[in-house]
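Just below is one structure, and these are the notes that go with it.
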Ligand code: NOJ
């Protein structure tokens, strides 16, 4: 074992850790052009470290025409000039490592940009070295693209159609071509040799397509064909090849698994086909929608709990979960599963509801200060390709206002507004007009304000992450859920040996009673975390109406009820 491996507790170092995700374009503008960049990241590393996380995941920072904001890559071995250059990246990497932060990169190899030199060559004809780098057919099948209409686009130059599961500008690579897999390994080595610590692998369960590309059934809206490319026939062989590269380094692999089920995830995470250390699953992101946030339904706590517990129990003692509530693909969680009215309470409760589960927590930029959805006035102001398609494709019989409301609820752009650093112009994100709209609530919701108040969402995230890290029970302990059918309260236990933590989360806007599970009755636990200041009681609020609500809630609390969105974490010794 080399020194680096020993230092980092073998290959399991990721289990103790928590990560911060950076979507760079909106994180911090360091060179004053209105676009977030690596200079900004460099300056904010102390802030990131102060959260108590142990690593950073960078969403793509490579050259890209930005048809899908970085997920359409035109050069895998460079940095987008908007964000800096390789030297600046190395500076960030070195400083991050000196501060004890790991750095993982996004590996997007299901597709490239149509402006990648491989595709530019491939589209020219059937007999150049890149002809078979992509998936070409004389006739399209019936597959849908997940982002833009049908999954095939005609190229007159070559006289054929190419496959794009995502946007038209994201042609799918032909992973059956060994040369393409060699390219992937070479990309991995390029970054690993530079010192990065691992990869988040984009839609990795889609990279192997079924031979003959048969027509698909429409089992989901806009997903005709998915059963022929999700968990495709050679996926585990291909991932085994990539795993080998990682094994040469002390590398960590996290796969994104859209629509993955526990059963299929097991093959990636355990046993002889293990090729990933953990996977981002999606079940828990569908407690208020069906498959895509655009198909909205009322939030159901029971659905959320079912999804959480399904993954927790299935992976117990066998695999490891990647825990998240937000990333660049989903609207803000307070606006979805919490309440903008009970903003601080729900923002803090949501932190406790997932960080103490068994797995590695990920926090997305802005989540830790309770950023919320943006509501733009017109569809023309939105820039995300999938939001624009959704608006123009579905629910066309509804009036435009109603459709715009759906975009307010569902758009990925809500997660991509500039980070709100302070109450100054442009939210302190940039000295000039930012590339995208700043959420108008930035004077109320920003890092500087959150720093000042020890009861803030930001400080609560810090407390949660620190508590998790301080306890073997919270890292490795067993997970048990109580009262799964309760419509207001999520309650779970983490236990190891003689120690237990009981995490109680109210998702209710009204006071509700929480019963103690049998095991804990008659025992006194130590209250180690709570999002209401007990004794002092009422969280400070700016609005008179809220004050009344809080006061009522406080009275109810004295009767033994949980206050709106209250969370309590107790420690018990048995
Ligand atoms: C998943 C990424 O997270 C998302 O942002 C992207 O649009 C698709 N994969 C396609 O790369």
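Just to be sure before I move on: is residue 387 crowded, with 19+ Cβ neighbours inside 10 Å, within 16 Å of the ligand (Cβ to nearest atom) and either in a loop (DSSP other than H, G, I, E, B) or at pLDDT 95 or above (or both) in the structure I sent? Before you say what the answer is, go through the steps one by one.
Working: crowded, with 19+ Cβ neighbours inside 10 Å: yes; within 16 Å of the ligand (Cβ to nearest atom): yes; either in a loop (DSSP other than H, G, I, E, B) or at pLDDT 95 or above (or both): yes.
Yes; evaluated as a whole, the condition is true for this residue.
Filter the range 221-250 down to the residues that are under 21 Å from residue 12 (Cα atoms), out of contact with any helix residue (DSSP H, G or I) (no Cβ under 9 Å at 6 or more places or on another chain) and either within 16 Å of the ligand (Cβ to nearest atom) or in a loop (DSSP other than H, G, I, E, B) (or both) and list them by number.
none
Out of the residues in the range 256-280 that are assigned to a loop (DSSP other than H, G, I, E, B) and touching a strand residue (DSSP E or B) at 6+ places or on another chain (Cβ under 6 Å), which is farthest from the ligand (Cβ to nearest atom)?
Residues of the range 256-280 that are assigned to a loop (DSSP other than H, G, I, E, B), as a first pass: 257-261, 270, 274-277.
Subsequent filtering for residues that are touching a strand residue (DSSP E or B) at 6+ places or on another chain (Cβ under 6 Å) retains 257, 276-277.
Values: 257: 10, 276: 15, 277: 18 Å.
Checked the range 256-280; the qualifying residue farthest from the ligand (Cβ to nearest atom) is 277.
May I ask you to list pairs of residues, at least six apart or on different chains, whose Cβ atoms are under 7 Å apart, with the first in the range 253-270 being closer than 10 Å to residue 283 by Cβ and the second being more than 16 Å from the ligand (Cβ to nearest atom) and at pLDDT 95 or above?
262/310; 262/311; 262/314
Please identify the pairs in which a residue from the range 229-247 that is touching a residue at least 24 places away in the same chain (Cβ under 8 Å) and at positive phi has its Cβ atom under 6 Å from the Cβ atom of a residue that is buried (at least 20 other Cβ atoms within 10 Å of the Cβ) and part of a helix (DSSP H, G or I), counting only partners at least 6 apart or on another chain.
Listed by first residue and then by second, the contacts come to 231/205.
Would a scan of the range 323-340 turn up a residue that is more than 16 Å from the ligand (Cβ to nearest atom), touching a strand residue (DSSP E or B) at 6+ places or on another chain (Cβ under 6 Å), in the same structural domain as residue 368 (by TED's automatic domain parsing) and under 24 Å from residue 266 (Cα atoms)?
Yes.
Quick one: which strands (runs of 3 or more DSSP E) sit completely within the range 49-162 and have at least 3 residues that are away from the ligand (no atom under 16 Å from the Cβ), over 28 Å from residue 254 (Cα atoms) and over 23 Å from the mean Cα position of the chain (by Cα)?
Working: elements: 55-58, 102-107, 152-155.
Fully inside the range 49-162 and qualifying: 152-155.
For the range 395-430, which residues satisfy the criterion of being out of contact with any helix residue (DSSP H, G or I) (no Cβ under 8 Å at 6 or more places or on another chain), surrounded by 14 or more Cβ atoms within 10 Å (Cβ to Cβ) and not in a helix (DSSP H, G or I)?
430
Looking at (1) touching a helix residue (DSSP H, G or I) at 6+ places or on another chain (Cβ under 8 Å); (2) part of a loop (DSSP other than H, G, I, E, B); (3) more than 25 Å from residue 565 (Cα to Cα), which is the only condition residue 253 fails?
Against the list (1) touching a helix residue (DSSP H, G or I) at 6+ places or on another chain (Cβ under 8 Å); (2) part of a loop (DSSP other than H, G, I, E, B); (3) more than 25 Å from residue 565 (Cα to Cα), residue 253 comes up short only on (2).
Of all residues in the range 178-198, how many are within 16 Å of the ligand (Cβ to nearest atom) and in contact with a helix residue (DSSP H, G or I) (Cβ under 7 Å, 6 or more places away or on another chain)?
Here is the first cut: in the range 178-198, the ones within 16 Å of the ligand (Cβ to nearest atom) are 184, 187.
Filter once more, keeping what is in contact with a helix residue (DSSP H, G or I) (Cβ under 7 Å, 6 or more places away or on another chain): 184.
Matching residues across the range 178-198 total 1.
Within the range 199-220, is even one residue out of contact with any helix residue (DSSP H, G or I) (no Cβ under 9 Å at 6 or more places or on another chain), more than 16 Å from the ligand (Cβ to nearest atom) and at pLDDT below 95?
yes
Answer yes if at least one residue in the range 319-336 is touching a residue at least 40 places away in the same chain (Cβ under 8 Å), under 23 Å from residue 411 (Cα atoms), crowded, with 22+ Cβ neighbours inside 10 Å and over 18 Å from the mean Cα position of the chain (by Cα), and no otherwise.
No, the range 319-336 contains no residue that is touching a residue at least 40 places away in the same chain (Cβ under 8 Å), under 23 Å from residue 411 (Cα atoms), crowded, with 22+ Cβ neighbours inside 10 Å and over 18 Å from the mean Cα position of the chain (by Cα).
Report whether or not residue 438 is at pLDDT 95 or above and within 16 Å of the ligand (Cβ to nearest atom). Spell out the reasoning first.
Values: at pLDDT 95 or above: yes; within 16 Å of the ligand (Cβ to nearest atom): no.
Taking the combined requirement at face value, the residue does not satisfy it.
Working only within the range 122-147, note down all residues that are under 13 Å from residue 183 (Cβ atoms) and out of contact with any strand residue (DSSP E or B) (no Cβ under 7 Å at 6 or more places or on another chain). First the steps, then the outcome.
Of the range 122-147, the ones under 13 Å from residue 183 (Cβ atoms) are 122, 129-130, 132-134.
Across the range 122-147, the qualifying residues are 129, 130, 132.
Within the range 447-473, can you find the residues that are under 18 Å from residue 419 (Cβ atoms) and either in contact (Cβ under 8 Å) with a residue 12 or more places away in the chain or buried (at least 18 other Cβ atoms within 10 Å of the Cβ) (or both)? Talk me through it step by step, then tell me what you get.
So in the range 447-473, the residues under 18 Å from residue 419 (Cβ atoms) come out as 447-452, 456-459, 461-462.
Result: 447, 448, 449, 450, 456, 457, 458, 461, 462.
Among 476, 482, 492, which is touching a residue at least 60 places away in the same chain (Cβ under 8 Å) and surrounded by 18 or more Cβ atoms within 10 Å (Cβ to Cβ)? It would help to see each step written out before you state the result.
Details: 476 fails: surrounded by 18 or more Cβ atoms within 10 Å (Cβ to Cβ); 482 fails: touching a residue at least 60 places away in the same chain (Cβ under 8 Å).
After applying the criteria, what remains is 492.
Considering only the range 360-370, state which residues are outside any helix (DSSP H, G or I) and touching a helix residue (DSSP H, G or I) at 6+ places or on another chain (Cβ under 8 Å). I'd like the intermediate steps shown before the answer.
First, pick out the residues of the range 360-370 that are outside any helix (DSSP H, G or I): 360-366, 370.
Listed by number, the residues that qualify are 360, 361, 363, 364, 365, 366, 370.
The values are calculated or read from the model by the stated rules, or taken from the named source; none is laboratory data. For clarity, every value in this text was computed on a predicted model and none was experimentally measured. FYI the Cβ positions are ideal-geometry reconstructions off the backbone, even for glycines, and counts take in every protein chain you see.
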